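So the structure is just underneath, and the comments pick up after that.
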Amino acid sequence: MVKVIPLRYGTIFKRIFSQPKVFQAFAEDVLGLKLNITKVHTEYEYPKPIGFVKTAYAEDEEQRVTVEIQHVKEGDFFDRFLYYHLISLAEQVKSYQDYSFAHAVYTIVVLTSVPRDGTINFSHGVSDMSPRTEFGNRVAVYPHRLIFLVPRLVNEQTPPAIREWLELILDSLDEEVQESAHPRPLFQEMIAAMRQTTISPEMLAEIKDDAAWERAKTRFRREGHASGLEEGDRKRAIETARRMLQKGFEPTVVAEMTDLPVAEVNQVLGK
């Protein structure tokens with residue numbers, strides 16, 4: 001067993017999956033497609049007229065693939081990621097005279113926690129846009145797919161190629177990994193990159209900050225402090241809001257993620 005930084009934290013997830021060979025292998029196993037990815041873009045921002053979404057994606061000449069990790073137990077994640085997926089499509093439409101899509105869009109969402117409301121009872125769920133006829137046939141018009149992966153619910157019915165990845169992610173969530181359980185050479189490289197001894201002090205500080213804020217958000221919701229945070233927690237929330245605003249997040253999004261009232265977020269913004 002080796003100590004690792006769990007893949008539920010966005011900082012380490014981006015570090016691992018921003019490597020083109022990791023991203024490509026993961027996407028190919030999930031999608032069952034051959035890809036040609038040479039660069040992974042993180043924190044990509046779509047043009048403002050299209051919509052405010054920051055995401056990570058990789059692109060080859062024919063296909064765009066986005067991968068997101070989601071740990072916060074929000075009830076609207078289905079709607080939110082459908083929106084992200086549709087934005088990836090809408091962003092390609094250049095005019096009202098040209099509705100064509102230059103890229104097939106595949107959005108893969110990794111959920112490292114399971115909502116308490118029971119909406120998730122699977123490890124692998126796919127939503128596509130292929131029409132179904134009254135004869136029960138599927139018409140292959142659109143290749144686009146929105147895929148949800150849930151490591152905590154991996155089971156014998158999970159497709160084998162996907163199961164390998166989900167088991168590795170799941171194994172990391174308790175901050176330890178059994179190296180011998182993941183003999184694939186690429187997985188061994190990923191485990192080495194996740195080991196706490198390989199993390200820089202700066203990144204470790206960022207991960208610890210992510211972890212502390214995650215615990216605080218859970219406590220806010222459990223204790224019903226949606227609009228009345230304790231002073232220490234309020235200072236952390238305001239500082240987080242300031243950083244998010246500096247990165248360009250909309251005030252309403254910042255308010256949702258920090259549990260601060262929108263009016264208070266606007267005060268941080270200087271409005």
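None of the figures in this text is laboratory data; all of them are computed from the coordinates on show. Just so it is clear, the structure is predicted and the values come from calculations on it, not from any experiment. Glycine also receives a Cβ, built like all others from the backbone with ideal geometry; neighbour counts cover every protein chain displayed.
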> Based on the Cβ-Cβ distance of residue 60 and residue 29, what FRET efficiency does E = 1/(1 + (r/R0)^6) give at R0 = 22 Å, to the nearest 0.05?
Replying inline: 0.85
> So how do 184-194, 17-27 stack up, highest first, on mean other-Cβ count within 10 Å?
Replying inline: 17-27, 184-194
